[in-house]
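Trainee: One structure, as structure tokens, below. Some questions next.
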Amino acid sequence: AGLLADTGVDGLEINLFASPKEPRMNAALIENEQVDLITDLKKTVSIPISVKLSSFYTNVLNLICRMDYAGSDAFVLFNKLFEPDIDLAKGELVSPFTFSSETDSRLPLHYATLLEGAVKADICCSTGIMDGEQAVKMILAGATTVQVVSALYRHGVSHIHAILEDIKKWMDTNGHADLACFRGKLSKRHV
């Protein structure tokens with residue numbers, strides 16, 4: 001992290017997940033190790049640290065609050081993990097690259113509504129965001145930003161322009177001058 005920070009980058013995104021292979025391993029040990037990592041990173045670098053998490057924690061809200069207290073500057077909800085499959089023709093275990101679908105966006109939307117105002121860190125929604133309409137929904141839920149990946153693989157980088165145009169059109173139609181005017185408007189705190 002220190003070497004990366006020395007290159008002049010504006011921030012770091014760290015992807016945290018655990019894939020335990022030992023059934024007796026206590027979940028609290030894994031989570032404590034990850035919270036300690038955030039604490040150590042904040043002592044090492046002065047640039048912002050974003051933590052990308054999977055949703056596979058016993059209580060992801062509690063973990064995020066603990067990581068927020070440890071100094072994380074942002075959270076990315078959620079990491080789409082490679083899921084194994086079996087190729088019957090080859091008789092082997094494979095990890096195919098699968099794109100997100102629009103329905104995958106519901107989980108980060110749900111957690112953004114719960115986290116808005118509950119943590120100091122920024123919230124970035126990821127997974128299943130395909131167009132400007134879904135980006136607007138995430139911001140209404142409380143997201144500071146969104147990440148778009150599968151849509152760019154499908155439609156190319158120029159798709160970002162279409163997403164931005166959709167957002168602008170929605171804002172104009174609804175009388176919003178900027179994102180702050182409606183960010184978190186439909187979060188748990190405001191509904």
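Trainee: Averaged per residue, what accessible surface does the stretch 1-147 expose to a 1.4 Å probe, in Å²? Before the final figure, lay out each step's value.
Mentor: Details: 8300 Å² over 147 residues.
In whole numbers, the stretch 1-147 has 56 Å² accessible per residue.
Trainee: A follow-up question, please. Sorted by accessible area with a 1.4 angstrom probe, largest first, how do Tyr153, Tyr57 fall? Before the final figure, lay out each step's value.
Mentor: On the way: Tyr153 145, Tyr57 35 Å².
My answer, sorted largest first, is Tyr153, Tyr57.
Trainee: Please tell me which of these pairs span more than 26 angstrom C-alpha to C-alpha: Lys52/Lys185; Lys52/Lys137; Lys42/Lys120; Lys120/Lys188; Lys43/Lys188; Lys42/Lys168?
Mentor: Working: Lys52/Lys185 24 Å; Lys52/Lys137 20 Å; Lys42/Lys120 15 Å; Lys120/Lys188 16 Å; Lys43/Lys188 33 Å; Lys42/Lys168 36 Å.
Among Lys52/Lys185; Lys52/Lys137; Lys42/Lys120; Lys120/Lys188; Lys43/Lys188; Lys42/Lys168, the Cα-Cα distance tops 26 Å for Lys43/Lys188; Lys42/Lys168.
Trainee: Here's a follow-up. Pull up the cross-link candidates among the lysines for Lys90, meaning alpha carbon to alpha carbon under 24 Å and not fewer than 8 places away within one chain.
Mentor: none
Trainee: I'd like the distance separating the alpha-carbon centroids of the stretch 1-50 and the stretch 99-164, in whole Å.
Mentor: Using only Cα atoms, the two centres lie 23 Å from each other.
Trainee: Largest first, how would His190, His159 line up by accessible area (1.4 Å probe)? Intermediate values should be presented prior to the final figure.
Mentor: Working: His190 100, His159 35 Å².
Sorted descending by solvent-accessible area, the residues read His190, His159.
Trainee: What net charge is computed for the residues neighbouring Asn15, neighbours being all others with C-beta under 14 Å from the C-beta of Asn15, Lys and Arg scored +1, Asp and Glu -1?
Mentor: Details: positive: Lys52, Lys80; negative: Glu13.
In short, +1.
Trainee: Hey, another quick one. For a quick check, take a GNM of the chain with Cα springs below 10 Å and name the residue from Ile14, Ile123, Ile38 with the largest mean-square fluctuation.
Mentor: Maximum among the listed residues: Ile14.
Trainee: Which one is right for this structure if Kirkwood radius over Cα pairs in Å is calculated from it: (1) 17.1; (2) 18.2; (3) 19.7?
Mentor: Matching the structure shown: (2).
Trainee: Nearest 500 deg cm²/dmol is fine: what mean residue ellipticity at 222 nm does the chain get from its DSSP H runs of n ≥ 4 alone, each adding -39,500 (n - 2.57), divided by its residue count? Spell out each step's value before the answer.
Mentor: Values: 7 runs with 75 residues, N = 191.
After summing the helix terms and dividing by residue count, I get -12000 deg cm²/dmol.
Trainee: If you build a Gaussian network model of the chain, linking Cα atoms that sit under 10 Å apart, which residue out of Leu179, Leu114, Leu88 swings the most?
Mentor: Most flexible of the set in this elastic network: Leu88.
Trainee: OK, next. Name the residues whose placed amide hydrogens come within less than 5 Å of the amide hydrogen of Lys52, ignoring near sequence neighbours (fewer than 5 apart) on the same chain.
Mentor: So Lys52 has HN proximity to Ile14, Asn15, Leu16, Val76.
Trainee: About its Cα centre, what dipole magnitude does the chain give when the only charges are +1 on Lys and Arg Cβ and -1 on Asp and Glu Cβ, stated in debye to the nearest 20? Spell out each step's value before the answer.
Mentor: On the way: 18 positive and 24 negative charges, 99 e Å.
Around 480 debye, computed over the chain.
Trainee: Follow-up. Select from Leu164, Leu140, Leu93 the residue whose mean-square fluctuation is largest in a Gaussian network model of the chain (Cα-Cα springs shorter than 10 Å).
Mentor: Of the options given, Leu93 has the highest mean-square fluctuation.
Trainee: Based on Cβ point charges of +1 for Lys and Arg and -1 for Asp and Glu, what charge dipole magnitude is obtained for the stretch 141-191 about its Cα centre, in debye rounded to the nearest 20?
Mentor: Numbers: 7 positive and 4 negative charges, 56 e Å.
Roughly 260 debye for the stretch 141-191.
Trainee: How much of the accessible area of the stretch 67-191, in percent, comes from carbon and sulfur atoms when a 1.4 Å probe is used?
Mentor: Numbers: 4050 of 7280 Å².
The nonpolar share, carbon plus sulfur, comes to 56 percent.
Trainee: With all protein chains present and a 1.4 Å probe, how do Met67, Met171, Met25 order by accessible area, largest first? Don't skip to the answer; put the middle values down first.
Mentor: Working: Met67 0, Met171 25, Met25 100 Å².
Ranking Met67, Met171, Met25 by accessible area, largest first, yields Met25, Met171, Met67.
The values are calculated or read from the model by the stated rules, or taken from the named source; none is laboratory data. What you are looking at is a predicted structure, and each value in this text was computed from that prediction instead of being measured. As a convention, Cβ positions derive from the backbone with ideal geometry for all residues, glycine included, and neighbour counts pool all protein chains shown. Each accessible area value is taken on the protein alone, full model and side chains, heavy atoms only, with ligands, DNA and RNA left out. Shrake-Rupley method; radii C 1.70, N 1.55, O 1.52, S 1.80 Å.
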